[in-house]
Amino acid sequence: MKKAAPFLILFAGMLWGSMGLFVRTLNGRGLASMGIVSLRAIVTAVSMLIFLLIFDRKYLRIRLRDIWCFFGTGILSIIFFNYCYFSAITLTSMSVAAVLLYTAPAIVMVLSYFLFRESFTKRKVIALILTFAGCVLVTGVIGETAAVSAAGILTGLGAGLGYALYSIFSRYALERGYHSLTITFYTFLIAAIASLFLTDPARVMSAAASSPGMLLFSIAFGVLCTVVPYLTYTLGLTQVENSRASIIASVEPVTATILGAILFHEQLTFSGVLGMAMVIAALVICA
């Protein structure tokens with residue numbers, strides 16, 4: 001399991017990187033960003049509830065005193081991260097927002113040092129620098145002329161913090177003996193409930209179930225971009241330090257860039273290829 005853990009996290013990052021394929025289609029069906037977040041959380045929570053009721057109900061049990069861990073992963077991470085990220089995109093640009101989001105590995109490293117006594121090592125620092133520099137190049141933020149406001153920077157950094165908090169609160173839940181199935185289910189159950197106050201549930205469900213094909217597509221979105229990657233990432237956290245895991249999961253923008261080039265014929269620049277090579281180098285260092 002210990003040898004497989006980094007690959008589980010890598011697999012999670014690659015699946016997260018494929019999310020854009022689903023998001024583009026859902027946008028075309030009239031769903032705004034927060035509606036997509038709500039759909040993702042609802043489909044995930046319902047899918048996992050059905051699975052756990054059929055196969056193993058023991059993973060539905062939690063202690064009331066530990067519910068703060070799942071409020072942390074569900075609201076402070078999933079909801080807060082998505083709200084800040086989408087706000088940053090509107091206040092700055094997609095590339096600037098993406099770079100600010102990928103301050104997350106640095107935030108995880110600092111928080112894990114103080115909260116879990118994870119050490120700073122030369123390899124981690126080098127990997128962190130390579131990851132951030134690679135993400136800057138992949139997103140093409142260098143040379144961008146768009147104005148960046150203080151509000152845009154703050155919401156972008158908020159997205160990075162929210163993204164990082166999943167690793168932190170998941171670690172607390174793991175240390176209390178919870179399985180990755182339990183953590184993922186309650187994370188998205190709480191996120192689904194919270195999202196109902198931030199969007200129009202009837203419109204979300206109407207768009208998702210507009211046809212049998214669209215319903216299957218929505219289920220696939222929840223399973224492939226949420227259930228599977230969050231399960232494998234959380235399972236990987238049982239054997240990999242938070243800081244290493246966060247860096248390995250940074251394969252996400254690389255995957256998104258490659259898929260964009262293959263499926264949507266988006267142009268690959270020299271700086272983008274160099275950035276991907278830097279992120280991959282960081283993954284090798286952390287593996």
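Highest GNM mean-square fluctuation, the chain, Cα pairs closer than 10 Å: which of Gly152, Gly260, Gly213? Of the options given, Gly213 has the highest mean-square fluctuation. In the chain, Cα pairs under 8 Å separated by at least six residues give a relative contact order of 41 percent. Here the Karplus curve 6.51 cos²θ - 1.76 cosθ + 1.60, taken at θ = phi - 60°, turns the phi angles of region 152-157 into couplings of x, 5, 5, 5, x, 5 Hz, with x standing for Gly and Pro. Using the Karplus relation 6.51 cos²θ - 1.76 cosθ + 1.60 with θ = phi - 60°, the per-residue 3J(HN,Hα) values for region 215-224 come to 5, 5, 4, 5, 5, 4, 4, x, 6, 7 Hz, with x marking Gly and Pro.
When the helices in the chain are scored as -39500 (n - 2.57) per DSSP H run of 4 or longer and the sum is shared across all residues, what 222 nm value do you end up with, to the nearest 500 deg cm²/dmol? Mind showing how you got there, number by number?
Values: 16 runs with 209 residues, N = 287.
Mean residue ellipticity, 222 nm, calculated: -23000 deg cm²/dmol.
Given springs between every Cα pair under 10 Å in a Gaussian network model of the chain, which of Ser246, Ser210, Ser95 has the largest fluctuation? Its mean-square fluctuation being the largest, the pick is Ser210.
Derived scalar couplings between HN and Hα for region 57-67 equal 6, 5, 6, 8, 7, 9, 8, 4, 5, 9, 5 Hz in order, rounded to whole Hz, by the Karplus curve 6.51 cos²θ - 1.76 cosθ + 1.60 (θ = phi - 60°), x for Gly and Pro. Note on the chain: GNM, Cα springs under 10 Å; of Ala150, Ala159, Ala41, the largest mean-square fluctuation is that of Ala150.
Please give me the summed charge of the neighbours of Ala208: other residues whose Cβ is under 13 Å from its Cβ, Lys and Arg +1, Asp and Glu -1. Can you show the working numbers first?
Working: positive: Arg29, Arg40, Arg203; negative: Asp200.
My count for the surroundings of Ala208 gives +2.
Read the figures in this text as sums done on the coordinates, not as results from a lab. It should be emphasised that the depicted structure is a prediction, and the values quoted were computed from it without experimental measurement. Heads up, the Cβs are rebuilt from the backbone with ideal geometry, glycines too, and the neighbour counts pull from every protein chain shown.
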